Each structure stands twice: as structure tokens, then as C-alpha cells.
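Peer 1: Before we start, here is the structure in question, set down as C-alpha cells.
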Amino acid sequence: MVNNMAKGLGIVMFSGTADCFIPLGVLTQTAANLGVPVRVFVTGFALPYFTKNKPEPRFPKEFEDMVPAVHKGLEKMKAPSWYDMLKEAKEVGDVKVYVCSLMAGVVGVEKGDMDPIVDDVVGATFFMQETADYEIIFI
């Protein structure tokens, strides 16, 4: 474990755009490889991307000029997808992915609708208690 870090990393994943899924994958995989526990709390516009029928994340309009270069660069580097990075992080480290129960109710999805990468549907209280001594970032 990294010596100067909190006891873990909590990531609140709210955005549903591709520019945010890349750092989700990179940071989760890096933390897992360093032995840092990670808890991801999926809410807001990110929730559909954690269902069995997930769409492909799109880049925001303000980045559309950069998208071809980003795709080409990722392909050239043979970079794994955000999903593959998150999946690998779960295989090598203490990583849990939770979906916000409130948001799931709002959009009408249940635990059975979730992608297998999701560990559970929980409330914000559960996430906050589990990550009370973690460093929290919001993506």
C-alpha cells in the first residue's frame, strides 16, 4: 500500500462521458496494483454504463475535435478499455463497484439489470460509511 495515502480510494462516478471513463479505469487499476482498496459509487449519468445493456460512452461536444486523435492514440498504445481496466483491477485488488440505490430507483433499474462488474446496489450512507477513512474523488 502507498504509505502517504488514506486507507483507500473512493470514486464517485457521476459523469456519463468517455473522457471520464478513461480516468476511472486508469485510477482504479493503478490503485489496485498498488494494493490500495477502491470503492466506486456509480450514480447520475454514469449509471446506464453499468447495466447489461450499456451504451458506448461518448465524448462531450467540446472535445469532438480531439476524438479521432484520442481513439488513434489509444489504439496505437493498445490501451485496454475502461471496462477492461476496471475488470482487471477487480481481479488483482480489493475493488468494489456499487450502484446508487436512489438513482437506480429513479431510472427504474434493479440489481438484476446490472452488469456483472457491479457488486451491489447500495445507498449513499453505506458508501460513505465504508469509505469514511478513504480519499474520495468525484468524476
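The values are calculated or read from the model by the stated rules, or taken from the named source; none is laboratory data. Please read these numbers as outputs of a predicted model, since none were measured by experiment. All Cβ positions, even for glycine, are placed from backbone atoms using ideal geometry, and neighbour counts span all protein chains on display.
Peer 1: If I filter the stretch 97-115 for residues that are over 17 Å from residue 45 (Cβ atoms), assigned to a loop (DSSP other than H, G, I, E, B) and within 16 Å of the chain's Cα centre (by Cα), do I get at least one hit? Can you show your working first?
Peer 2: At the first step, the residues of the stretch 97-115 found to be over 17 Å from residue 45 (Cβ atoms) are 110-112.
With the extra rule that they be assigned to a loop (DSSP other than H, G, I, E, B), the set shrinks to 110.
Still in the running and within 16 Å of the chain's Cα centre (by Cα): none.
No, the stretch 97-115 contains no residue that is over 17 Å from residue 45 (Cβ atoms), assigned to a loop (DSSP other than H, G, I, E, B) and within 16 Å of the chain's Cα centre (by Cα).
Peer 1: Can you tell me which residues in the stretch 79-96 are among the acidic types (Asp, Glu), part of a helix (DSSP H, G or I), more than 12 Å from the chain's Cα centre (by Cα) and surrounded by fewer than 17 Cβ atoms within 10 Å (Cβ to Cβ)?
Peer 2: 91
Peer 1: Can you confirm whether residue 69 is at pLDDT below 95 and either in a loop (DSSP other than H, G, I, E, B) or closer than 15 Å to residue 139 by Cβ (or both)?
Peer 2: Criteria not met by residue 69.
Okay, residues lined up against (1) without any contact (Cβ under 8 Å) to a residue 40 or more places away in the chain; (2) more than 18 Å from residue 21 (Cβ to Cβ); (3) of a type in the set (S, T, N, Q):
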residue	(1), (2), (3)
43	no, no, yes
65	yes, yes, no
76	yes, yes, no
88	no, no, no
111	yes, yes, no
118	no, no, no
131	no, yes, yes
139	no, no, no
